[in-house]
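*Asks:* Handing you this structure, nothing more for now.
Derivation of every value follows stated rules applied to the coordinates shown; laboratory data play no part. Just so it is clear, the structure is predicted and the values come from calculations on it, not from any experiment. Every residue, glycine as well, gets a Cβ built from its backbone with ideal geometry; the counts of neighbours run over all protein chains shown.
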Ligand code: TTP
Ligand code: MG
């Protein structure tokens, strides 16, 4: 059966999120990445800025020289992450066969969905509309029988585009396009191919497989297949997380044990909360420390019984911390805590152990309050110390 794959990519993602927040920025050359006088590169440029030659990866100083009238924005990752989560949630509503590729890009396997939406094209129109209605963002969509052609189609349709390549037309669609449109062809491959007189995907597809292999080894065969519009890669939903962790860097290196423990409690509660959200328990707790001289250590402890209780995560973390502090006297720059070896909860065991059961109920109640009023709505005594300091963690 012929597959139907969609590739969806948001237009000028970081910039567009900024424009939603501040509509005055719409229709103007905007750059997200940092101030023009700082080191760093362009992360996202509005299409108006691209007209001046600006693109992702360009040094900010060059961007400023080419387009001094652009507005330069530092950007805020948590904001983009949250927009990305909402974007992916919309896509999951349309098909469970979702493969997120980056924050603003995903493949959907939509084979057979035409019976629900009338056609795959109509389905794509509905997806774009929901993204516009709910997020005020523009997405470009490519539809084809395989991933590589769907991706090339969505890129080509940008901005606010929708392009469907009919099954059987993959090769004729790709043929006139410059080789740089094919995923995987970077500057170096382009140079070599140009040296061989190859500038279009059509020319590339006419090359003998053996010649491509002799120049590019194993990736020569992938190039040859992509150029023919052949790509058997499946849309792979992400496998469940194997570990969960949180860490934070202190504004100033510290030796203050109370501060270290309060931070550990806070980070541990975030880990515990995510663990319970996923309906998992963990067997392994890991502490991470980075010292003033940047040496980094991790220490882990395997629990006798899997747990998702904040108290257990914290107690284990503190034990590991105390041991580490007794061995190394340097000030600490970063502290982190994580859990791994995740399992589905063994309810039977928890029922036998009434203290584990009580902890479980307590954590459930805390999670409910936090879901309603925000994470810091309820705080354990130890983390109150942190009220004075920045609670951000990554
Ligand atoms: P892209 O989808 O590559 O770029 P874009 O969404 O800004 O523009 P387009 O309309 O062409 O899709 O990347 C998505 C986001 O990822 C982008 O907004 C910023 C971030 N990013 C970087 O931080 N650095 C980079 O080098 C690139 C390419 C993207
Ligand atoms: Mg994008």
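*Asks:* Out of all DSSP beta bridges in the range 1-166, what portion is antiparallel? Express it as a percent rounded to 5. Don't skip to the answer; put the middle values down first.
*Replies:* On the way: 18 of 24 bridges.
Rounded to the nearest five, the antiparallel share is 75 percent.
*Asks:* P(r) of the range 171-227 in 10 Å steps, Cα pairs, percent per bin?
*Replies:* P(r) over the range 171-227, rounded to whole percents: 26, 66, 8.
*Asks:* Expected output is a single nm value to one decimal: the length gained when fully extending between residue 292 and residue 210, i.e. 0.36 nm times separation in residues minus the C-alpha distance. What is it?
*Replies:* Working: separation 82, 0.36 × 82 = 29.52 nm, distance 5.40 nm.
Fully extending the segment from residue 292 to residue 210 adds 24.1 nm.
*Asks:* What does a probe at residue 167 reach in the range 94-128, counting residues whose amide N is under 20 Å from the point 7 Å along Cα→Cβ?
*Replies:* Residues passing the 20 Å test: 95-98, 107-125.
*Asks:* Next question, about the same structure. If you fit an axis through the alpha-carbon atoms of helix 218-227 and take the longest principal axis of the Cα set of the chain, what angle between them do you get, 0 to 90°, nearest 10?
*Replies:* Long axis of 218-227 versus the principal axis of the chain: about 60 degrees.
*Asks:* Take the chain, connect every pair of alpha-carbon atoms lying under 10 Å apart with a spring to form a Gaussian network, then pick out the residue of 369, 179, 337 with the largest mean-square fluctuation.
*Replies:* Its mean-square fluctuation being the largest, the pick is 369.
*Asks:* Once both axes come from the Cα atoms, what is the angle between helix 354-373 and the longest principal axis of the chain, in degrees from 0 to 90, rounded to 10?
*Replies:* The angle comes out at about 50 degrees.
*Asks:* Which angle from 0 to 90°, rounded to the nearest 10, does the C-alpha axis of helix 257-277 make with the longest principal axis of the chain?
*Replies:* The answer is roughly 60 degrees.
*Asks:* Ordered by packing density, taken as the mean number of other Cβ atoms within 10 Å over each peptide's residues, highest first, how do 328-335, 230-237, 290-297 rank?
*Replies:* Values: 328-335: 16.2, 230-237: 14.0, 290-297: 12.5.
So the peptides 328-335, 230-237, 290-297, ranked by packing, come out 328-335, 230-237, 290-297.
*Asks:* What is the distance in Å between the Cα centres of the range 6-69 and the range 126-171?
*Replies:* Each part reduced to its Cα centre gives a spacing of 22 Å.
*Asks:* Find the Rg to Rh ratio for the range 1-166, where Rh is the Kirkwood radius over alpha-carbon pairs and Rg uses the same atoms. Present the calculation step by step, with values, prior to reporting the outcome.
*Replies:* Details: Rg = 16.7 Å, Rh = 16.5 Å.
Ratio value, two decimals: 1.02.
*Asks:* Give the shape of the range 281-340 as rounded, prolate or oblate, defined through the alpha-carbon gyration tensor: a ≥ b ≥ c are the square roots of its eigenvalues, a/c under 1.5 means rounded, and otherwise the shape is prolate if a/b is larger than b/c and oblate if not. Before the final figure, lay out the partial values.
*Replies:* Numbers: a/c = 2.64, a/b = 2.19, b/c = 1.21.
Note, shape of the range 281-340 comes out prolate.
*Asks:* Right, another one. What share of Cα pairs, in percent, lie more than 28 angstrom apart in the chain? Before the final figure, lay out the partial values.
*Replies:* Working: 47842 of 77421 pairs.
Looking at the chain, the distances longer than 28 Å represent 62 percent of pairs.
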